[in-house]
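Step one of this worksheet: look at the structure below.
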Amino acid sequence: MGRRWGFTDTITVNKDYSVNIEKKLSNLTLPSGLGWSLDNQFMYHVDAHRGQITKYKFDIDSGKLNEGRVFFDLTNYPHITGELNAIAVKDGAIAVPLYNGSVIINIIQDTAEVSHLVPSPVPLPTSIVFGGPHNKTAYIASSDFRLSELEKRLNPFDSRAVFAYSGYSFPHSPSYRIVVH
């Protein structure tokens, strides 16, 4: 039987190892992504059901978050459909897959405006990270959770997969590098 955690805001375990769990945000509808600016000054949080990305001033030494403000609101773009999901923060830009939207949106960090949309190879992209040579490859994870059997058969790709999307057009360099062997 696993340990049953209580409903406290801070949990500390110090017997054989140290763990400190502290609630930083609450009253969220569907938290689905976190990302940090390259200089670690800001944290971005995606709330999928609200269709918003909130930006918080972040102190890297203490882990303190200052009060956030809505940085991006998908309702300002009624022609773009889907739910914001995970987030990849890059120098000057943010990439967010739209679950049930079949696209990855590129948001400019300075203006919080959509600069362009990149088609997803599958209808339900869930996450995106960058790697490969010169960090120019987008690795897109996806799901088939809401697809009907007909939609699954009509999709040329298995939607329960990770795709390497070479030639991804992005105006700035990636913030973090991953290597997949």
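Return the residue satisfying two criteria in turn: it lies in the range 96-131 and is surrounded by fewer than 16 Cβ atoms within 10 Å (Cβ to Cβ) and either among the charged types (D, E, K, R) or in contact with a His (Cβ under 9 Å, 6 or more places away or on another chain) (or both), and of such residues it is nearest to LYS55 (Cα to Cα).
ASP110
Among the numbered conditions (1) free of Cβ contacts under 8 Å to residues at least 12 places away in the same chain; (2) assigned to a strand (DSSP E or B), tell me where THR54 comes up short.
(1)
Please work out which one of (1) surrounded by 10 or more Cβ atoms within 10 Å (Cβ to Cβ); (2) at pLDDT 90 or above; (3) within 18 Å of the chain's Cα centre (by Cα) is the condition THR75 fails and give its number.
(1)
For the range 88-123, what are the residues that are modelled with pLDDT of 90 or more and of a type in the set (Asp, Glu)?
GLU113, the sole residue that qualifies.
Hey, among the residues in the range 132-151 that are of a type outside the set (Gly, Ala, Ser) and surrounded by 13 or more Cβ atoms within 10 Å (Cβ to Cβ), which one's farthest from ASN100 (Cα to Cα)?
ASN135
Among the strands (runs of 3 or more DSSP E) confined wholly to the range 85-132, which include 1 or more residues that are among the hydroxyl-bearing types (Ser, Thr, Tyr)? I'd like the intermediate steps shown before the answer.
Working: elements: 88-90, 93-99, 103-108, 114-119, 125-131.
Filter on the range 85-132 gives 93-99, 114-119, 125-131.
Find all pairs meeting these conditions: Cβ atoms under 6 angstrom apart; at least six residues apart or on different chains; first residue within the range 150-165 and over 18 Å from PHE130 (Cβ atoms); second residue modelled with pLDDT under 85 and surrounded by 14 or more Cβ atoms within 10 Å (Cβ to Cβ).
Here the result reads PHE157/PRO121; PHE157/VAL122; SER159/VAL122, each pair linking the range 150-165 to a residue that is modelled with pLDDT under 85 and surrounded by 14 or more Cβ atoms within 10 Å (Cβ to Cβ).
The values are calculated or read from the model by the stated rules, or taken from the named source; none is laboratory data. Note that the structure is predicted; figures quoted are calculated from it, not measured. Heads up, the Cβs are rebuilt from the backbone with ideal geometry, glycines too, and the neighbour counts pull from every protein chain shown.
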